[in-house]
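Read the structure below first, then the notes.
The values are calculated or read from the model by the stated rules, or taken from the named source; none is laboratory data. All values reported here derive from a predicted model rather than from experimental measurement. Every residue, glycine as well, gets a Cβ built from its backbone with ideal geometry; the counts of neighbours run over all protein chains shown. Calculation scope for accessible area: heavy atoms of the full protein, side chains included, ligands and nucleic acids excluded. Shrake-Rupley method; radii C 1.70, N 1.55, O 1.52, S 1.80 Å.
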Amino acid sequence: MAAGTRGRAVMQLAGDVISNFFTGYYEEARPTSTEREAIRLKNELDVIRVILEHLVGPGDFFSSDERAEFAAEAFAAWGDCKGCLAAKQRGVTEGVPFAQYNRDGIDHVYVTNGPFRDIAHAIVNHQQMLDKDFFDSVVERMEEYHTKSKAAGDEYGPDEYKAMAIELATVAALCSGVRAFFAASGLPCPEFPEKPSVCQPAQFKSVMQYASGPLNTNMAIAWGPYLNASQLREDVAARADFDKTTWMFATADDAAPTSKASASPLTCMDFLRFANVMYFPVEDAARFFNVPGEDRHLTRGQLEIAAAVYTRTKSCGY
C-alpha cells in the first residue's frame, strides 16, 4: 500500500475512534428517504449493468466466448437448477469426492455446452461443499483444457492454472451476487447479455504480464494464491477500467476476503467494483463508525453485523 494511502486510512480510523470516545456515538443517524432510496437503486443497477457487460467480455485468461459461456451457466444455475436442489436433499454419495459427484452424479439442468459448466453449478449452489480438494480439481481441469487448446505464445504454468480457477470462481460469485440481489429486492432480473459478436482474446497470456513476481500462497488463509498489492505492474494499474486506490486497499492484506480474488486482477477489479456499491467502498474500510457514502443508511459496523448473520445462515466458508 502506498504511504499516502496508508496514512489516509490511519487518519480516518484515528478520527473515528477519537470521535467515538468523546461523543459516545459514531455518527448521527441518517434516516432513509425516497430520494436516497432512488439514488441507491440507481447506483446498484448501474454497477450491475457494468458487471454483466464485463462478464461476457474477455477475462484475464479466458476469451470472451469462454467467459460468457461459463457466466451464462452460472447466472442460469443460481437457485434454479432442479438437479442441484435434488442433490442437496439426498446428500452426497459417501466416499465420492464432491468434484466427481458434482460432475457425474448430479442431473444438472444445463443451458450451455461449456467445458466447465458443472463447476459453475457447484460454486453458485453448493458452496458449503467446496474445499481444497475441489479447488485442486478445478486447477487440474484448467490444465487439461488449456494443454489441448493452448495457442502459440501462451506461457501457462501452475500460477496461470490457479489464476484461471480463481477467475472462474470470481465470475460465478459475481453472477450469484447479481441473482441474489434481484431475488432479495423483488425487482425483475434482466436477461443475461449476449456475448460479443466477434470473440475477443484473453487479456493476459501469463501471470508475469501483470505481476512483477510469482503469486503467493498462505495455506492457513486460502487454498489459492493471491497477488500482493506491490506486485501489480504499473501498466495494468494505469488502465482506464482499473481503480488503483481501490485495488491497493483491497489487496494490501492477504487475510482480507477481497484478496482471495486478486490472482486474476481484472476480474478481481469487477468484484471490488460490485462490492464497493453493494457493501461499502473498500477505501472506507477503516471508517468503522461512519456511514459509507451518501446513498447509505447503515454504518460499516452495522453492515458487518448483517453480513456476519447472512454468511452464517448461508454457511459461507469464504
Legend entry - Those residues of the stretch 130-141 which are open to solvent by 60 Å² or more (accessible area, probe 1.4 Å) and part of a helix (DSSP H, G or I), in sequence order: 132, 133, 140
Inset, instruction - Considering every residue within the stretch 88-104, establish whether at least one is closer than 27 Å to residue 204 by Cα and either buried (at least 17 other Cβ atoms within 10 Å of the Cβ) or modelled with pLDDT of 95 or more (or both). - result: no
Legend entry - Selection from the stretch 252-299 of residues that are buried (at least 20 other Cβ atoms within 10 Å of the Cβ), in contact with a Phe, Trp or Tyr (Cβ under 7 Å, 6 or more places away or on another chain) and charged (D, E, K, R): 260
Legend entry - Contacts under 7 angstrom Cβ, first residue in the stretch 212-227 being among the small types (Gly, Ala, Ser), partner in a strand (DSSP E or B) and open to solvent by less than 70 Å² (accessible area, probe 1.4 Å), 6 or more apart: none
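A quick yes/no check of all residues on (1) within 20 Å of residue 55 (Cβ to Cβ); (2) of a type in the set (Ser, Thr, Tyr); (3) without any contact (Cβ under 8 Å) to a residue 40 or more places away in the chain:
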| residue | (1), (2), (3) |
| --- | --- |
| 76 | yes, no, no |
| 84 | no, no, no |
| 117 | yes, no, no |
| 122 | yes, no, yes |
| 148 | no, no, yes |
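Can you tell me how many residues in the stretch 218-238 are open to solvent by less than 70 Å² (accessible area, probe 1.4 Å) and either closer than 21 Å to residue 62 by Cβ or out of contact with any strand residue (DSSP E or B) (no Cβ under 7 Å at 6 or more places or on another chain) (or both)?
So the first thing to find is which residues in the stretch 218-238 are open to solvent by less than 70 Å² (accessible area, probe 1.4 Å), and the list is 218, 221-222, 224-229, 231-232, 236-237.
Next, only the ones that are either closer than 21 Å to residue 62 by Cβ or out of contact with any strand residue (DSSP E or B) (no Cβ under 7 Å at 6 or more places or on another chain) (or both) stay: 218, 221-222, 224-227, 229, 232, 236-237.
Result for the stretch 218-238: 11.
Assess whether residue 214 counts as being more than 12 Å from residue 265 (Cα to Cα), open to solvent by 30 Å² or more (accessible area, probe 1.4 Å), part of a loop (DSSP other than H, G, I, E, B) and assigned by the TED database to the domain that holds residue 124.
Details: more than 12 Å from residue 265 (Cα to Cα): yes; open to solvent by 30 Å² or more (accessible area, probe 1.4 Å): yes; part of a loop (DSSP other than H, G, I, E, B): yes; assigned by the TED database to the domain that holds residue 124: no.
It is false that residue 214 is more than 12 Å from residue 265 (Cα to Cα), open to solvent by 30 Å² or more (accessible area, probe 1.4 Å), part of a loop (DSSP other than H, G, I, E, B) and assigned by the TED database to the domain that holds residue 124.
With the structure loaded, tell me whether residue 127 is closer than 23 Å to residue 270 by Cβ, open to solvent by 20 Å² or more (accessible area, probe 1.4 Å) and among the polar types (S, T, N, Q) or whether it fails that test.
Values: closer than 23 Å to residue 270 by Cβ: yes; open to solvent by 20 Å² or more (accessible area, probe 1.4 Å): yes; among the polar types (S, T, N, Q): yes.
Against the criterion (closer than 23 Å to residue 270 by Cβ, open to solvent by 20 Å² or more (accessible area, probe 1.4 Å) and among the polar types (S, T, N, Q)), residue 127 qualifies.
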Legend entry - Looking only at the stretch 142-172, and only at residues there that are surrounded by fewer than 20 Cβ atoms within 10 Å (Cβ to Cβ) and under 19 Å from residue 68 (Cβ atoms), the one that is modelled with the highest pLDDT: 145
